[in-house]
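Engineer: One structure, as structure tokens, below. Some questions next.
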């Protein structure tokens, strides 16, 4: 299958942005977007986890769920896909966390609580299942995971910038707090939908 | 049947392998951590509320062990939990105590005069900028709720245009203190039940012109209370919250003093009167409609 790298990269960041076009990973998008620095930390962690998770799940998909043969018996393990993905992603993030703590304490500190927090975030799972759904190879899947993470981080950064502005503006009483945040997110999403059809 | 077996086998093997790898990795790459940190984490409530200003209980535990924070910085822990932590670490629990905020003004809609009609942005800071706001008393509460909006715990209620703190809800975080343009909010010990609800340093007659519940500076309360329970600065009398040997004034002092304006009272009584006035005003408007 010819891989369309434009779709994989620009598409994952802008056109099919995980938060604003696919509406996955809304929880951290609303929860961790109050300040720019925490948004940056979360964005970094998501890029990191999504990349390794996409790679691992693509391997699982290719070599376990679609083509497993044990003692000569072949079985279709497609139904195990989600279970195995969660299992593998969770384990992988745990291992990475342990290793990071040992070898790169500054990075470990920067990612902080966000790393375990997004282990089974639906955006991470979404990247894995989308990759599996259209039968992507391991390398394009990894690339897709990474750029999806970048798209997520971009959306998070834009939104946290907006929310910092919202903090300072006069908002009518009924719209204060989460209400105006959700409205803003909706408008931002509409803006991103303008990218649709590019690739 | 085969599918089930194979599925179970595959899941089992993958789980086993990842479990083993995590186990080996955590042993191999173990970072020697301070056992005291784990001890303190165990003693903390684990709410991860961030009320202490740290990113979660684990972070706070680290700072406690490092000596950056006293254990009592945790607003959720009870006194026993804090002393348990302090005992485990062999340090002082911290000299500060549980505090609550109090708005030291009793001049609500019915008691304090308004000399102008303020039509601007409904916010105390904005009102203070426009020629000192609508209230005749330039040391009184605007009651526009800047403090109430800033309170993350919803402990401040605006009753009859007067901000009143509910001490049982307040955790003493002090967020509201900075928001008051008149600096009427004070953090006081949680045991302090009696306050003088007036912060104006003006002379008695001047205050009396604009408010019916000011502190006139008659010092009846000073005489009724024990030594050091009240402080007098010029005309203004206030409760001395730095507890001396005589402690804080209690309800008996309120009764004994017989404050002529009633600005010396307990928090509970203060709330009660405000609610009563509110109910009365409601009744009146209902009657007016009829």
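The values are calculated or read from the model by the stated rules, or taken from the named source; none is laboratory data. Since the model is a prediction, treat every value here as computed from it, not as a measurement. Cβ: placed from backbone, ideal geometry, glycine included. Neighbour counts: every protein chain shown.
Engineer: Here are the criteria: (1) in contact (Cβ under 8 Å) with a residue 60 or more places away in the chain; (2) within 19 Å of residue A:189 (Cα to Cα). Tell me which single one residue A:31 does not satisfy.
Structural biologist: Of everything listed in (1) in contact (Cβ under 8 Å) with a residue 60 or more places away in the chain; (2) within 19 Å of residue A:189 (Cα to Cα), residue A:31 misses just condition (1).
Engineer: Which is within 26 Å of residue B:113 (Cβ to Cβ) and surrounded by fewer than 16 Cβ atoms within 10 Å (Cβ to Cβ), of B:282, B:207, B:186, B:223?
Structural biologist: On the way: B:207 fails: surrounded by fewer than 16 Cβ atoms within 10 Å (Cβ to Cβ); B:186 fails: surrounded by fewer than 16 Cβ atoms within 10 Å (Cβ to Cβ); B:223 fails: within 26 Å of residue B:113 (Cβ to Cβ).
Only one candidate passes the filter, namely B:282.
Engineer: Can you pull out the residues in region A:127-142 that are touching a helix residue (DSSP H, G or I) at 6+ places or on another chain (Cβ under 8 Å) and surrounded by fewer than 21 Cβ atoms within 10 Å (Cβ to Cβ)?
Structural biologist: Of all residues in region A:127-142, those touching a helix residue (DSSP H, G or I) at 6+ places or on another chain (Cβ under 8 Å) come to A:127-132, A:136-138, A:140-142.
Within region A:127-142, A:129, A:130, A:137, A:138, A:140 qualify.
Engineer: Next question, about the same structure. For region A:97-114, does any single residue satisfy the condition of being under 15 Å from the mean Cα position of the chain (by Cα), at pLDDT below 85, more than 9 Å from chain B (Cβ to nearest Cβ) and within 20 Å of residue A:80 (Cβ to Cβ)?
Structural biologist: For region A:97-114, residues under 15 Å from the mean Cα position of the chain (by Cα), at pLDDT below 85, more than 9 Å from chain B (Cβ to nearest Cβ) and within 20 Å of residue A:80 (Cβ to Cβ): absent.
Engineer: Are there any pairs with C-beta distances below 9 angstrom linking a residue in region B:16-34 that is within 9 Å of chain A (Cβ to nearest Cβ) to a residue that is loosely packed, with under 12 Cβ neighbours inside 10 Å and at pLDDT below 85, with the two at least 6 apart or on different chains, and if so which?
Structural biologist: Close Cβ pairs satisfying both conditions: B:29/A:103; B:31/A:105.
Engineer: Still on this structure: Which residues, taken from region B:54-69, are surrounded by fewer than 13 Cβ atoms within 10 Å (Cβ to Cβ) and either more than 21 Å from residue A:106 (Cα to Cα) or within 14 Å of chain A (Cβ to nearest Cβ) (or both)?
Structural biologist: If we filter region B:54-69 for residues that are surrounded by fewer than 13 Cβ atoms within 10 Å (Cβ to Cβ), which is where we start, we get B:66-68.
Residue satisfying the conditions is B:67 alone.
Engineer: Give me a count of the residues in region B:11-20 that are under 50 Å from the mean Cα position of the chain (by Cα) and surrounded by 16 or more Cβ atoms within 10 Å (Cβ to Cβ). Working first, answer last.
Structural biologist: Looking only at region B:11-20, we keep the residues that are under 50 Å from the mean Cα position of the chain (by Cα), and these are B:15, B:18-20.
Still in the running and surrounded by 16 or more Cβ atoms within 10 Å (Cβ to Cβ): B:18.
Residues meeting the conditions: 1.
Engineer: Outside any loop (DSSP other than H, G, I, E, B) and assigned by TED's automatic domain parsing to the domain that holds residue B:242, is that true of residue B:169? Give the steps one after another, and end with the answer.
Structural biologist: Details: outside any loop (DSSP other than H, G, I, E, B): no; assigned by TED's automatic domain parsing to the domain that holds residue B:242: yes.
Here the answer is no, as residue B:169 does not meet what is asked.
Engineer: Can you say whether residue B:28 is farther than 27 Å from residue B:166 by Cα and in contact with a helix residue (DSSP H, G or I) (Cβ under 6 Å, 6 or more places away or on another chain), as far as the supplied structure shows? Give the derivation first.
Structural biologist: Details: farther than 27 Å from residue B:166 by Cα: yes; in contact with a helix residue (DSSP H, G or I) (Cβ under 6 Å, 6 or more places away or on another chain): no.
No: the conditions fail for residue B:28.
Engineer: State which residue is farthest from the chain's Cα centre (by Cα) when the search covers only region A:67-76 and only residues that are assigned to a strand (DSSP E or B) and at the interface with another protein chain (Cβ under 8 Å from one of its Cβ atoms).
Structural biologist: Step one: list which residues in region A:67-76 are assigned to a strand (DSSP E or B), which gives A:68-70, A:73-75.
The next check asks that each one be at the interface with another protein chain (Cβ under 8 Å from one of its Cβ atoms); those that pass are A:68, A:70, A:73, A:75.
Values: A:68: 28, A:70: 33, A:73: 36, A:75: 30 Å.
In this case the residue turns out to be A:73.
Engineer: Would you kindly identify the helices (runs of 4 or more DSSP H) lying entirely within region B:175-276 that contain at least 3 residues that are without any contact (Cβ under 8 Å) to a residue 24 or more places away in the chain and under 27 Å from residue B:153 (Cα atoms)? Walk me through it before giving the result.
Structural biologist: Details: elements: B:175-179, B:204-210, B:220-224, B:251-257.
Because the criterion is at least 3 residues that are without any contact (Cβ under 8 Å) to a residue 24 or more places away in the chain and under 27 Å from residue B:153 (Cα atoms), no helices (runs of 4 or more DSSP H) in region B:175-276 meet it.
Engineer: Go through (1) more than 9 Å from chain B (Cβ to nearest Cβ); (2) surrounded by 21 or more Cβ atoms within 10 Å (Cβ to Cβ); (3) closer than 20 Å to residue A:138 by Cα and name the single condition residue A:82 misses.
Structural biologist: Residue A:82 satisfies every listed condition except (2).
Engineer: When you scan region B:39-53, how many residues do you find that are in contact with a helix residue (DSSP H, G or I) (Cβ under 8 Å, 6 or more places away or on another chain) and either free of Cβ contacts under 8 Å to residues at least 40 places away in the same chain or crowded, with 18+ Cβ neighbours inside 10 Å (or both)?
Structural biologist: So the first thing to find is which residues in region B:39-53 are in contact with a helix residue (DSSP H, G or I) (Cβ under 8 Å, 6 or more places away or on another chain), and the list is B:39-41, B:43-48, B:52-53.
Okay, now just the ones that are also either free of Cβ contacts under 8 Å to residues at least 40 places away in the same chain or crowded, with 18+ Cβ neighbours inside 10 Å (or both), so B:40-41, B:43-48, B:52-53.
Of the residues in that region, 10 qualify.
Engineer: Among the residues of region A:171-191, is any in contact (Cβ under 8 Å) with a residue 40 or more places away in the chain and assigned to a loop (DSSP other than H, G, I, E, B)?
Structural biologist: Taking every residue of region A:171-191 in turn, none turns out to be in contact (Cβ under 8 Å) with a residue 40 or more places away in the chain and assigned to a loop (DSSP other than H, G, I, E, B).
Engineer: Identify, please: which residue in region B:126-166 is out of contact with any strand residue (DSSP E or B) (no Cβ under 8 Å at 6 or more places or on another chain) and not in a loop (DSSP other than H, G, I, E, B) and is, among those, farthest from residue B:269 (Cα to Cα)?
Structural biologist: My answer is B:129.
Engineer: Tell me whether region A:159-170 contains one or more residues that are surrounded by 15 or more Cβ atoms within 10 Å (Cβ to Cβ) and either within 14 Å of chain B (Cβ to nearest Cβ) or within 17 Å of residue A:16 (Cβ to Cβ) (or both). Before the answer, list the steps.
Structural biologist: So the first thing to find is which residues in region A:159-170 are surrounded by 15 or more Cβ atoms within 10 Å (Cβ to Cβ), and the list is A:159-160, A:162-163, A:166.
Of the ones still in play, those that are also either within 14 Å of chain B (Cβ to nearest Cβ) or within 17 Å of residue A:16 (Cβ to Cβ) (or both) are none.
No, that holds for no residue.
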